Amino acid sequence: MRMHHYLRSWGANVRKNVKFIHRTIQQVVRYTYAVMRSKALNKVSTAQGGKCEVEKACITWLGLTAFRIVLARKPTVYKSLLKLLDFELSQGRYRRHKKQFRGLVRNGAVVIDQLSF
């Protein structure tokens, strides 16, 4: 929702900048994974027994799915971007995660439906 607000306030033409926005989403997801690993592997965390045993593909799938759910609230604005995200999420490497987090995604979608933007 924040990204939608930024794009609107900047006057960005989503249809002309689909690839740029898609790459930005991918970078945000990769950065999130990197920060999680960094926090889990720093000296304080490892001294306390901290670990980061989550797979990068898992975080990628969750992040892309979260963006997809939120942006799907404005399907006419993000039609091309949603197609890119759908294609990326349909790849075989994410099948397992789709099944594994079905309930989590369903619960998150309910919360998003209660918000208006």
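The values are calculated or read from the model by the stated rules, or taken from the named source; none is laboratory data. Bear in mind the structure is a predicted one, so any value in this text is a computation, not a measurement. Methodologically, a virtual Cβ is constructed for each residue, glycine included, from the backbone with ideal geometry; neighbour enumeration extends over all protein chains shown. The accessibility values were calculated without ligands, DNA or RNA, using every heavy atom of the protein model including side chains. Shrake-Rupley method; radii C 1.70, N 1.55, O 1.52, S 1.80 Å.
Details
- Taking first residues from region 67-81 that are of a type in the set (A, V, I, L, M) and partners that are open to solvent by 60 Å² or more (accessible area, probe 1.4 Å), the Cβ contacts under 7 Å between residues at least 6 apart in sequence or on separate chains come to V70/M1.
- For G92, the conditions (1) in contact (Cβ under 8 Å) with a residue 24 or more places away in the chain; (2) farther than 15 Å from R23 by Cα are fulfilled apart from (1).
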